[in-house]
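Colleague: This is the structure I have questions about; it appears just below.
The values are calculated or read from the model by the stated rules, or taken from the named source; none is laboratory data. Just so it is clear, the structure is predicted and the values come from calculations on it, not from any experiment. Note that each Cβ is placed from the backbone with ideal geometry, even for glycine, and that neighbours are counted across all protein chains shown. SASA here: full protein model, heavy atoms, side chains in, ligands and nucleic acids out. Shrake-Rupley method; radii C 1.70, N 1.55, O 1.52, S 1.80 Å.
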Amino acid sequence: MRTLGIITNPTSGSGRGAKWGTEAKAALAAGGHRLIDLSRGSWAASYEAAMRHRRELDALVVVGGDGMAHLGLQVCAERKLPLGIVAAGSGDDIASAVGLPRHDIAAAVARIEDGLRGETVSIDVGKVVGDAIEEPARPRFFGAVLSAGIDAAVASYARSITHPRGPLKYTVATMREIPRFSPYGVRLRVDGKEWTQRCTLVAVANARVFGGGLIVSPGSSVNDGTLELVLAEPMSRLDILRLFPKLRDGSHVSDPRVRFVEAQTVEIAPDPSGAALPPAFADGELVGATPLKVTVAPRALTVLGGRADLGQ
Ligand SMILES: Nc1ncnc2c1ncn2[C@@H]1O[C@H](COP(=O)(O)OP(=O)(O)OP(=O)(O)O)[C@@H](O)[C@H]1O
């Protein structure tokens, strides 16, 4: 018998989170484990409950999408506490990056059981420091991608509105943000080399995918010990709309306006040569305003039942 913390989120997966959370708890309890339910009324309150109880746990299990995996990362990374992920969100980029099943509670719990018997994978995570990182999780870790470009502006507006709900929120936010777009001014310091430029997209990728399967950084892998800076030069609004569909298969790699730079450390700061950068988002969650410093924390997270193919 193991002591497992579990965090569920009723809002995950367009409202299916409560039902899936109940199913996951029942399946884990049937395995004979002692469960401590650390779910609270918000992401921050659940995080704080998990931090208070983490020393009592053999592992933490999160049920939901990337927001919940992002929560689990904060508690488990660099602490040798294994993380179990029951992927039940709209995107599940982190679960996909470690080859875990989606929307299949029995299969996800079976992987957690495999993990408790020793089948685990250790992955890199991004570690973010900065004065404006949102409380309570500082420094902030991420599993998939951190972005402070046009997609972060869309995410930021989507977060500020209550209607419509679900994926439609992002359509509304895109329709609002693209017409207002003007290239951002950014000062970058990448492994000690510094420059300023204007850009459309500035992202730091640990995994290949973000935004529910968009292949923003095809060359990334969550166990290669590096991050990739993804930069897109200034573009017209029409070209941005043309770029987005290319992320579905990663074909933007052949666009000369998009650059990929392998890095251990990336510092992102606003620069007056262009429009103000939006606040950064990572794994779909608000991280906070720039300046931010991102470093790679190699193999800092152990995922139960993760596979070495890592979703490539
Ligand atoms: N207890 C809670 N009550 C309300 N909202 C919560 C709670 N816990 C987390 N949240 C928020 O709910 C949002 C959605 O969660 P989650 O990411 O798990 O699902 P999703 O959006 O369906 O999946 P994905 O992020 O993979 O697309 C997150 O932004 C998270 O901060």
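Colleague: Scan (1) assigned by TED's automatic domain parsing to the domain that holds residue 268; (2) surrounded by fewer than 23 Cβ atoms within 10 Å (Cβ to Cβ) for the single condition residue 144 breaks and write down its number.
Modeller: Condition (2) is where residue 144 drops out.
Colleague: Let me ask you something else. I need the full set of residues from region 24-41 which are closer than 21 Å to residue 70 by Cα and open to solvent by 70 Å² or more (accessible area, probe 1.4 Å), in order please.
Modeller: Across region 24-41, the qualifying residues are 40, 41.
Colleague: For region 90-104, does any single residue satisfy the condition of being among the β-branched types (Val, Ile, Thr) and touching a Phe, Trp or Tyr at 6+ places or on another chain (Cβ under 8 Å)?
Modeller: no
Colleague: So which strands (runs of 3 or more DSSP E) are wholly in region 154-231 and hold at least 3 residues that are open to solvent by 20 Å² or more (accessible area, probe 1.4 Å) and either assigned by TED's automatic domain parsing to the domain that holds residue 266 or under 30 Å from residue 16 (Cα atoms) (or both)?
Modeller: 193-199
Colleague: Another question, then. Any residue at all in region 225-242 that is modelled with pLDDT under 95 and among the basic types (Lys, Arg)?
Modeller: Yes, there is a match, as at least one residue in region 225-242 is modelled with pLDDT under 95 and among the basic types (Lys, Arg).
Colleague: Quick one: is residue 72 in a loop (DSSP other than H, G, I, E, B) and more than 26 Å from residue 168 (Cα to Cα)?
Modeller: For residue 72, the condition - in a loop (DSSP other than H, G, I, E, B) and more than 26 Å from residue 168 (Cα to Cα) - is not met.
Colleague: I'd like to know if region 122-142 contains one or more residues that are among the polar types (S, T, N, Q) and modelled with pLDDT under 95.
Modeller: No, there is no match, as no residue in region 122-142 is among the polar types (S, T, N, Q) and modelled with pLDDT under 95.
Colleague: So which pairs qualify, if the first residue must be in region 200-215 and within 11 Å of residue 266 (Cβ to Cβ), the second must be assigned to a loop (DSSP other than H, G, I, E, B) and open to solvent by 30 Å² or more (accessible area, probe 1.4 Å), the Cβ gap must be under 9 Å, and the two must be at least 6 apart or on different chains?
Modeller: So the pair list comes out as 205/219.
Colleague: Tell me whether region 109-116 contains one or more residues that are hydrophobic (A, V, I, L, M, F, W, C), open to solvent by 40 Å² or more (accessible area, probe 1.4 Å), away from the ligand (no atom under 12 Å from the Cβ) and outside any loop (DSSP other than H, G, I, E, B).
Modeller: The answer is yes, given that some residue of region 109-116 is hydrophobic (A, V, I, L, M, F, W, C), open to solvent by 40 Å² or more (accessible area, probe 1.4 Å), away from the ligand (no atom under 12 Å from the Cβ) and outside any loop (DSSP other than H, G, I, E, B).
Colleague: Of everything in region 46-72 that's away from the ligand (no atom under 12 Å from the Cβ) and surrounded by 18 or more Cβ atoms within 10 Å (Cβ to Cβ), which residue is farthest from residue 21 (Cα to Cα)?
Modeller: Filtering first and then ranking leaves 57.
Colleague: What's the number of the only condition in (1) open to solvent by 20 Å² or more (accessible area, probe 1.4 Å); (2) under 17 Å from residue 221 (Cβ atoms) that residue 267 fails to meet?
Modeller: Every condition holds for residue 267 apart from (2).
Colleague: I'm trying to understand the selection: among the residues of region 79-100, which are under 17 Å from the mean Cα position of the chain (by Cα) and under 20 Å from residue 29 (Cβ atoms)? Quick ask: steps written out before the conclusion?
Modeller: Within region 79-100, the first condition is being under 17 Å from the mean Cα position of the chain (by Cα), and the residues that meet it are 83-100.
Answer for region 79-100, where residues must be under 17 Å from the mean Cα position of the chain (by Cα) and under 20 Å from residue 29 (Cβ atoms): 83, 84, 85, 86, 87, 88.
Colleague: Let me ask you something else. Check residue 27 against each of (1) within 14 Å of the ligand (Cβ to nearest atom); (2) modelled with pLDDT of 95 or more and name the one condition it does not meet.
Modeller: Of everything listed in (1) within 14 Å of the ligand (Cβ to nearest atom); (2) modelled with pLDDT of 95 or more, residue 27 misses just condition (1).
Colleague: Being within 14 Å of the ligand (Cβ to nearest atom) and either at pLDDT 95 or above or farther than 22 Å from residue 300 by Cβ (or both) narrows it down to one of 36, 6, so name that one.
Modeller: Numbers: 36 fails: within 14 Å of the ligand (Cβ to nearest atom).
Testing whether each residue is within 14 Å of the ligand (Cβ to nearest atom) and either at pLDDT 95 or above or farther than 22 Å from residue 300 by Cβ (or both) leaves just 6.
Colleague: Which residues, taken from region 240-255, are open to solvent by 40 Å² or more (accessible area, probe 1.4 Å) and assigned to a helix (DSSP H, G or I)?
Modeller: Correct list: 241, 242, 244, 245, 246, 251, 253, 254.
Colleague: Now a separate question. Is one or more of the residues making up region 113-121 over 19 Å from residue 290 (Cβ atoms), assigned by TED's automatic domain parsing to the domain that holds residue 48 and of a type in the set (Lys, Arg)?
Modeller: yes
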